[in-house]
Structure formats: C-alpha cells, structure tokens
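S.K.: First, the structure itself, so that you have it in front of you.
The values are calculated or read from the model by the stated rules, or taken from the named source; none is laboratory data. Because the structure is predicted, anything quoted here is derived from the model rather than measured. Here the Cβ positions follow ideal geometry from the backbone for every residue, glycine too, while neighbour counts run over all protein chains shown.
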Ligand SMILES: Cc1ncc(COP(=O)(O)O)c(C=O)c1O
C-alpha cells in the first residue's frame, strides 16, 4: 500500500473511532443463521473499511458519516444494527421486503441459480426462468395486463412504461401524442422521465433544464382541511380528478400520450386517493383516448391486501409499473405489465424479423433476479401474503394502532390504507423536516425502523407482521413522539 493510501486508511479509521461502534457483534447473526439451512455468509470486513469512498444515495452524506447507522444482518421482522441491537422493521426495508427478511426459499433459489447459470444475455437470447417468472406474474395481474417487460428498478420501469406508451401511439399512427400528465407530489423514481412526470420539487429543481419538454401535472389530492385523520380512503376529493379535463382542453387530447399516477402516493408521505378519484381518472382517460399508467412500485404485491392496488381499489390501468417487492427486494428487478392488445399493436407494427421495441437492459430478466421472483411469488401464494393485510383484519389493527397516536405532541394528521400509513407532524417554524428526522432517529435508537419524508413519518411493515409487533411499532413511535420537542 502506498503512503497516501495508508494515510487515508488511518484517517478513515480515526473518523470511525469517533463516530461509531464499528466492530460488529456476530452472535445474533450466528443465532439467526443456525435457524437457517443455508450456509452462514462470510463476515464483512467492516473494521477495515473507510466511509469516504461511497457517495450514498438520497442521504445527507456528511451528517451520516459523522453519526452512521449501519445494518449488518436481517431475519424475519428484524434488522440487526452494527452495535448489536435488534431493530423492528417498520418499513419493509424500503417498501420492498414484503415477506420479511432472509426467507429460506428465496435465499436457496438465488444460491442455486448462481451456481447453475450466473448470467445470460437477454437480447436475441433467452433462458427458461425469465419466461416462467413472466408467466407467474401474468397469472396474478388484473384484467388484460398480461404482458411483462423486465427492468432492474422502479425508475427503469417508469421510463420503460413511458416509452411503451409512445411506441404504442406511434404504432397506431398517432405519433404526435407526446404529452405526459403526472401529478404534483408524485414520485416516479429518478430517471429523467420519472423526475419529469414526478411532482416532488426538491427532486426536480437541480435538473430543471434537462426535464422532458411536454409534461404537465394534475394537482395532488392531499387536503388536511377536508381529509384530516381519514381512516382509509378520504370521502372528499374525487372532483380533483376533473382537473384532467382542464389539461386535456389545454394540450388537446390528440397530443396526450398517457397519465401516470401512483394509486397511493408513497414517497410524498402516504397520500391516499379520495374515494372515486381513480375511477374518475379512468373514465376521463377513456373518454379522451389517453393511456392510464399506475405506478405500483410501492402498492404492488400485497401492500393493500390484494396483489395490486388496481384490484384493491377496483380500477384497471393500461400499463402497471412494479419493482421492489416483486422478489422481496432480494435482487434488483422491475416488471412492467402491459395490456395485451397494446403490446400486440407494438409487436405487430414492426416488419418481420425487426426488433419491435428498441429498449431493454443488460440485466433485463437476470437469472438470479427471476429465480428470486419465482421463489418469492410461490412464497406469497403459499402463505397467502398478498391478501393477508385484509383477510386477517390486520389493516384494521394497524389503522387503530396508528390513529391511537393522535394525541401525541405535534401530530397534524394520521392516514392509512392497507399496511401503509403515515403520521404527519407540524414542522418547526425555523426548520422544516428536522422534527421528522429526529423522530426517525429516536425510533431507530429505541429499536424500530420507520421512514420519514420531511415531517411525515411513514410505516409499511412486512406483510408477515403480527398484531403484537404492530403494537410495539406504534408504542415505539409514541415514545419517540413524546420525547421529541
Ligand atoms: C412509486 C415509485 N415509483 C418508482 C420508484 C423508483 O424505484 P427505484 O428506486 O427502484 O428506481 C419508487 C421508489 O421508491 C416509487 O416509490
């Protein structure tokens, strides 16, 4: 090692000595692994690592590295932190580990596939698992959403859906349809397409000059005056969908390709659609010949007590974007569901032997990711997880536990649907978002993982959660709220 490297390594180690208990206690991991039939993973060489090289995503890097929070193992409903504490997972990782952590059939499927065939090129070649995985997903998809295009993430799935919408219109001779309608406060990942149709100002500002040119936005549906402390879908606000009529008049229907919304806006703080709102959007899209795209990256795979929000809320889109829980967050994979006739229009428009859609990724349908998808979907089916939130009345227990926090300090609103919920706090007058961060941090110290966006705390636990664990999550949040000024 050269001198500079030694110096960098030393200074990294010194920073860590100040900042964190970095050496991991492995006794818990070993205990967890003994429950598994799988071999125990190699222990990470965390003691030697510096934190400087990694530029962390959506993270306040400098602040994080002063006081890091590290997770080193996970099993069932719990993470293990680097200082040896058990942390109840109240967020399914990042809305993705719906079957809980370290599930043996998924682990085994990935291990076996890695040994059998690590990679196969997806262009002009295929492998059996990707076809099987597409069939399995197609079988649980609603209506005619039976064609599946694989990507590696939610962001890629969103951009794929937008491109398929354009390809469809062009294939039927309406190539002038190039306008996309998104919604304020919508989150559709971080690709240029996704941030353009997305409506979170902080995610757009820095990249303003490079956003897609023909995009407009519906107003968001969140209104505390009319919807405060709603349990399930708010009664007020269906009329907000009529704003689409105004945008259609402005841009002319003949120029609009698609409308894209999250059925429940997740990242903006769990904004539940008013009763009848999505139905109204659907009928306006039908009236004007616009495609309706649901971004189900969060709501897909059981979050609302049905495979997809489309089924839970009774509205069918033309294209459905998914990722995350498709394989329990185990190997990156996104899946875009497309209406059969729409896909056929694109496929049939191309000359014989020509590539119909010039789009795809090196890792589309990756063998490990599709093996994990098949194992996950079998597990969801075997354990009835996609319906569990509703079937066992778990969603109601969750609702009651959450709304019982109403009297805690600084609570401005509580809302929920299925197994997703949020507690919105009054922001501090001098520092918006800080109270949310402190509550998140305190919950973590107390042994529960919650998520925060600004001053809204979001919860989305794995679908295997038990009632007592829901109570524990709510109790931890209650204590953190009481202790935060
Ligand atoms: C609704 C929605 N769409 C898209 C994305 C982007 O997914 P990814 O981070 O996998 O690119 C997310 C991520 O949270 C999401 O919530």
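S.K.: Looking at this structure, is residue 389 at pLDDT 95 or above, outside any helix (DSSP H, G or I) and farther than 28 Å from residue 114 by Cα?
M.R.: The answer is no for residue 389.
S.K.: Being in the same structural domain as residue 166 (by TED's automatic domain parsing), modelled with pLDDT of 95 or more and more than 25 Å from residue 298 (Cβ to Cβ) is the requirement here; does residue 177 meet it?
M.R.: Judged against the criteria, residue 177 is a match.
S.K.: Among the residues of the stretch 77-118, which ones are in a helix (DSSP H, G or I) and within 16 Å of the ligand (Cβ to nearest atom)?
M.R.: Of everything in the stretch 77-118, those that are in a helix (DSSP H, G or I) and within 16 Å of the ligand (Cβ to nearest atom) turn out to be 92, 93, 94, 95.
S.K.: With the condition kept exactly as written, say whether any residue in the stretch 59-74 is touching a strand residue (DSSP E or B) at 6+ places or on another chain (Cβ under 6 Å), more than 28 Å from residue 204 (Cβ to Cβ) and crowded, with 20+ Cβ neighbours inside 10 Å.
M.R.: Filtering the stretch 59-74 down to residues touching a strand residue (DSSP E or B) at 6+ places or on another chain (Cβ under 6 Å) leaves 71-74.
Those left that are additionally more than 28 Å from residue 204 (Cβ to Cβ): 71-74.
Then keep just the ones that are crowded, with 20+ Cβ neighbours inside 10 Å; that gives 73.
Yes.
S.K.: Could you please let me know if residue 209 is surrounded by 23 or more Cβ atoms within 10 Å (Cβ to Cβ), in the same structural domain as residue 169 (by TED's automatic domain parsing) and part of a helix (DSSP H, G or I)?
M.R.: Against the criterion (surrounded by 23 or more Cβ atoms within 10 Å (Cβ to Cβ), in the same structural domain as residue 169 (by TED's automatic domain parsing) and part of a helix (DSSP H, G or I)), residue 209 does not qualify.
S.K.: Please work out which residue is farthest from the ligand (Cβ to nearest atom), limiting yourself to the stretch 277-297 and to residues that are within 24 Å of residue 254 (Cβ to Cβ) and in a strand (DSSP E or B).
M.R.: Checking each candidate, the answer is 291.
S.K.: Also, I was wondering about something else. Whether any residue in the stretch 192-202 is more than 15 Å from the ligand (Cβ to nearest atom), on the phi < 0 side of the Ramachandran plot and outside any strand (DSSP E or B) is what I want to check. Working first, answer last.
M.R.: Taking the stretch 192-202 and keeping what is more than 15 Å from the ligand (Cβ to nearest atom), we get 201.
Pick out the ones that are also on the phi < 0 side of the Ramachandran plot and you get 201.
Imposing the further condition that a residue be outside any strand (DSSP E or B) reduces the set to 201.
For the stretch 192-202, residues more than 15 Å from the ligand (Cβ to nearest atom), on the phi < 0 side of the Ramachandran plot and outside any strand (DSSP E or B): present.
S.K.: OK, next. Residues of the stretch 203-228 being within 16 Å of the ligand (Cβ to nearest atom), in contact (Cβ under 8 Å) with a residue 40 or more places away in the chain and over 22 Å from residue 255 (Cβ atoms), which ones?
M.R.: Scanning the stretch 203-228 gives 220, 221, 222.
S.K.: Keeping to the stretch 133-174, report how many residues are within 18 Å of residue 357 (Cβ to Cβ), part of a loop (DSSP other than H, G, I, E, B) and within 16 Å of the ligand (Cβ to nearest atom).
M.R.: Going through the stretch 133-174 one residue at a time, the tally reaches 1.
S.K.: Hey, does the stretch 345-359 have a residue that's within 16 Å of the ligand (Cβ to nearest atom) and part of a loop (DSSP other than H, G, I, E, B)?
M.R.: Within the stretch 345-359, not a single residue is within 16 Å of the ligand (Cβ to nearest atom) and part of a loop (DSSP other than H, G, I, E, B).
S.K.: Another one. Suppose we filter 336, 346 for residues that are crowded, with 22+ Cβ neighbours inside 10 Å, outside the structural domain of residue 424 (by TED's automatic domain parsing) and touching a residue at least 12 places away in the same chain (Cβ under 8 Å); which single one remains?
M.R.: The unique qualifying residue is 336.
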